[in-house]
1. Largest first, what is the accessible-area ranking of 282, 228 with a 1.4 Å probe?
2. What is the Cα centroid distance between the range 228-280 and the range 283-356, reported in whole angstrom?
3. Specify whether the C-alpha gyration tensor of the range 174-225 places it in the rounded, prolate or oblate class, a ≥ b ≥ c being the square roots of the eigenvalues: rounded for a/c under 1.5, otherwise prolate if a/b is larger than b/c and oblate if not.
4. For the chain, give me the percentage of DSSP beta bridges that are antiparallel, rounded to the nearest 5 percent.
5. What list of ³J(HN,Hα) couplings, whole Hz, do you get for the range 318-335 from phi and the Karplus terms 6.51, -1.76, 1.60, once you set θ to phi - 60° and write x for glycine and proline?
6. Report, for the range 87-244, the % of DSSP beta bridges that are antiparallel, rounded to 5.
7. If the only charges are +1 at each Lys and Arg Cβ and -1 at each Asp and Glu Cβ, what is the size of the charge dipole of the range 158-249 around the Cα centre, to the nearest 20 debye?
8. Which value, in debye to the nearest 20, gives the size of the charge dipole of the chain about its Cα centre, when Lys and Arg are +1 and Asp and Glu are -1 at the Cβ?
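The values are calculated or read from the model by the stated rules, or taken from the named source; none is laboratory data. What you see is a predicted model; the values in this text were computed from it and never measured. Here the Cβ is made from the backbone with ideal geometry for all residues, glycine too, and neighbour counts use every protein chain on show. Each accessible area value is taken on the protein alone, full model and side chains, heavy atoms only, with ligands, DNA and RNA left out. Shrake-Rupley method; radii C 1.70, N 1.55, O 1.52, S 1.80 Å.
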Amino acid sequence: MREDAPASPIEKPLLAVLKGDRPAVPPHSPPIWLMRQAGRYLPEYRALRAEKGGFLELVYDSPAAAEVTLQPIRRFGFDGAILFSDILIVPYAMGQDLWFEAGEGPRLAPILSETDLSALTPDFSRFDAVYETVRQVKAALGPDVTFLGFAGSPWTISTYMVAGQGSKDHGLARRMAYNEPERFAVLIDAIVEATVIYLSGQIEAGVEAVQLFDSWAGSLSPLQFQRWVIEPNKRIVARLKVLHPTIPIIGFPKGAGAKLADYAAQTGVDAVGVDETIDPHWANQALPAGMPVQGNLDPLALIAGGRAVEEAVDNIRAAFADRPHIFNLGHGILPDTPIAHVEALISYVRKEGVLA
């Protein structure tokens, strides 16, 4: 714990870690939450989604979305609750048509030309239901749970907006970024603006920290990474710090590899997420001293369970023993993850038991 930190007990361990504090008495157990912890691996989630009839219907039903956010907190007692929503709410509010095809995922009307881009008419009232979800969750959370909001980062959002759907190599967006950088920059600028509005609204409604997901950052070359990942995220962070200077921001550039160090040093984020492909010992050496880190258990190791998880947890905790650390996965929890393995993971991280 910092020398100037109060001696009183930490009420919100995860929030304290994001602000650079650590539990006072070693050996400490890091706070824990899991990306996509509210989702398809939970039977209560599947039942509620079936009742609502579709993903977007669930997101826009604030009481139902609040219930989904709270489900993993009730079941597992995580230290953090992550807002249940979707990163594509931002392009939807920017005026792009959004729908979900059963069994195939999200679809958007693709942005393929200047005409497509200029035709977007923002309607930021499409954020209102999400803000209401935040208010309802905030009212229901216990005093020790940190409430996390989130948004997709501009590069990742742009890949969906240009292609109209997810893709393996994000080739359409990468081609546009190379061939028409000025037009692509207009799109990125618009996403930056919408993202600041969205995250600021979440904060005003009650979230205590936010995470920027750049899920497809790993598809870019170093120069493109600098231009389309680091620079836009830096602008978002700077804007949010003016509006909400006390709110921590976690940056998660999935697949950044060695570029993670530059991301952490240049974007201004308060903490950085480390994906499962990165050696945590390297990350501890390469990242700025004292910066809180989050991660980085392989989601497939959690599915395997047992000794595979135990060894990975021990390695991660050893790597980050000397810096503020939030235990998490290196990416989202997978739908076929056994609930018993999640329970065992939490128990092992908190040293309350051993893995089955």
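1. Output order, biggest surface exposure first: 282, 228.
2. The two parts, judged by their Cα centres, are 20 Å apart.
3. Oblate is the answer for the range 174-225, as a/c is 1.5 or above yet b/c matches or exceeds a/b.
4. Values: 4 of 28 bridges.
Expressed as a percentage, antiparallel bridges in the chain total about 15.
5. 5, 5, 9, 5, 9, 9, x, 9, 10, 7, 7, 7, x, 6, x, 4, 8, x
6. 45
7. 200
8. Numbers: 31 positive and 42 negative charges, 64 e Å.
Computed charge dipole of the chain: roughly 300 debye.
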